[in-house]
Amino acid sequence: MKKSEAIFGVLRIPVDALAVFAALLLAYRLRQMNIDLVPGIQLLDPATTLPDLPDYLSLFVMPGILGFLFFAATLKMYVLLSTRSAWNEVGKLLIASFLWLVAVIAWYFLVKKQLFYSRMLLVHCAFLIALFGMVGRVSVLLLQRAFLHCGIGVRSVISIGGQSIVKAAKATLTRDIRYNYLGHFSTLTELKNLRKTQEIDMVLQTDPDPKNSTTNMLIEYCRSEHIHYAFLPPVLAENPHQLRTDRLGLVPMLSFSPTPLDGWGRILKRVIDILGSLVLLIVLSPILVLLVMLALIFQGYPIFYISRRTGDPSRNTIPVLKFRTMIKNADKKKAALKSKSHRSDGPLFKMKNDPRVTALGRIYRRFSLDELPQLLNVLVGHMSLVGPRPHLPDEVDRYTSYERRVFAVKPGITGLAQVSGRSDLVFKEEVRLDLKYIEEWSPFLDLWILWRTIFAVLRKNGAD
């Protein structure tokens, strides 16, 4: 490890602590002065709600700093890496700020059995922690990158072994400012000769074979020369988003995970789904009541249509709730219309100007209003806000093993495929986008897709 890596890794801790300290003090001062960053709120006299500054510092600020550092460490924000994406830094910082806010509320409500000094003070604290933390983190990141551009902290790397994936490794290493790629070598002798004249920090083997004595000799040489050794077998290079490291007892192990939506990722997504669906159901309740009344007036009963869709790898079905947009007994007429499907590229049935759709149903479908009841599916856990769309069992029966990978996560109301073309995409492209979402999932990808969904609906982007 380079000294600069350790220095900048440790530097993030006092920078975060200083950011939280400044945020909590500024929030206190704003509340003292009755200044509100959220307009339209009637604030009470701060003298009746705020503690004295010494008590505030000892009872809240110091524990608050330690609490934030704990959450940041839990999210691996102090890993000693040379550089990382600014979006990665900001994303984890926002998550840590949110967890800190939830922890403070839970502590006062569940443990101390009382409300916080001031709800507006708490809102200001969380907002300013995120703001100051981003400024601090980005500043450290820019400073670190400036050092790297000057050659300080850059790792000299060579690749050695077969030629199968050298081009991919070379392209990555030459783009990354953390590394100075010295070239590719075929033998250990060439590496030893280069070592005499050039400092080497890391050796990347592209075709390791534990049964090959050359591989063992290379590893032993790197150990004796204190050179970092890494390997990149072709099968892992083709699946970078699915690789995870673990141990089986004392034996190191590499395994594939189909999605980051595992462990805490799955829990976080479920929390977002519950809160998001609950808030949307409350906010949209007047619209939902209006849609029910219109359906009752113009179409009569039944108002809702329940479709059994495949929802998990075991091919269990879930009840997907929608406003009815077709005539009664429309499913019985589907077989006669299958020959008119405009989707001949896959197992899905899609038909433009479907004669079974009612006049009101076309309006509902135009703005995807028929899918709003699926918020109830999300709330009870059948679906997620974002994910691959659920498909009919008879369609799933014709899926290939590759296409069945979309069942690694819960189906969603919207997804990456929907905001990229909705029903206009060919089936293979839809599957590719769904798998891309599954392999690269993050909370921010979900938020981006939800944001894009609004514009996709308004542009009637592929709605059917």
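Observations on the model:
- Residue count, segment 289-323 (criterion: surrounded by fewer than 17 Cβ atoms within 10 Å (Cβ to Cβ) and either among the charged types (D, E, K, R) or out of contact with any Pro (no Cβ under 7 Å at 6 or more places or on another chain) (or both)): 20
- All positions within segment 365-378 that are part of a helix (DSSP H, G or I) and more than 20 Å from the chain's Cα centre (by Cα): R365, R366, L369, D370, E371, Q374, L375, L376, N377
- Qualifying position, being modelled with pLDDT of 75 or more and part of a strand (DSSP E or B), among I282, I306, I272, I297: I306
- Subset of segment 257-269 [small (G, A, S) and assigned to a helix (DSSP H, G or I)]: G265
- Failed item, numbered, when S368 is tested on (1) in contact with a Ser or Thr (Cβ under 9 Å, 6 or more places away or on another chain); (2) buried (at least 22 other Cβ atoms within 10 Å of the Cβ): (2)
- Residue among E199, E220, E190 that is at pLDDT 85 or above, assigned to a loop (DSSP other than H, G, I, E, B) and of a type in the set (D, E, K, R): E199
- Here segment 124-153 is the region considered, the condition is being aromatic (F, W, Y) and under 20 Å from I13 (Cβ atoms), and the residue that is nearest to the chain's Cα centre (by Cα) is F132.
- Count - residues of segment 180-206 that are crowded, with 16+ Cβ neighbours inside 10 Å and either more than 22 Å from Y221 (Cα to Cα) or acidic (D, E) (or both): 1
- In segment 386-414, the residues that are outside any helix (DSSP H, G or I), more than 15 Å from N316 (Cβ to Cβ) and touching a Lys or Arg at 6+ places or on another chain (Cβ under 9 Å): V386, G387, P388, R389, G412, I413, T414
- Residue check for I177: crowded, with 17+ Cβ neighbours inside 10 Å, modelled with pLDDT of 75 or more, over 24 Å from the mean Cα position of the chain (by Cα) and not charged (D, E, K, R): no
- Of all residues in segment 328-336, none are in a loop (DSSP other than H, G, I, E, B) and at pLDDT 85 or above.
- The residues of segment 272-290 that are of a type outside the set (G, A, S) and within 16 Å of L445 (Cβ to Cβ), listed by number, are I272, D273.
- Qualifying residues in segment 44-103 (those that are of a type in the set (V, I, T) and part of a helix (DSSP H, G or I)) - the one modelled with the highest pLDDT: I65
- Filter pass, R137 being at pLDDT 85 or above and surrounded by 17 or more Cβ atoms within 10 Å (Cβ to Cβ): yes
- Test: L121 is in a helix (DSSP H, G or I), closer than 27 Å to G9 by Cα and either over 21 Å from the mean Cα position of the chain (by Cα) or not assigned by TED's automatic domain parsing to the domain that holds F70 (or both): no
- One residue from V378, V409 being in the same structural domain as F323 (by TED's automatic domain parsing), among the hydrophobic types (A, V, I, L, M, F, W, C) and touching a Gly at 6+ places or on another chain (Cβ under 6 Å): V409
- E395 vs. criteria under 19 Å from S307 (Cα atoms) and either of a type outside the set (S, T, Y) or not assigned by TED's automatic domain parsing to the domain that holds F323 (or both): yes
The values are calculated or read from the model by the stated rules, or taken from the named source; none is laboratory data. Note that this is a predicted model, so its numbers are computed, not measured. When we count neighbours, we look across all protein chains shown, and the Cβ atoms used for this are built from the backbone with ideal geometry, even at glycine.
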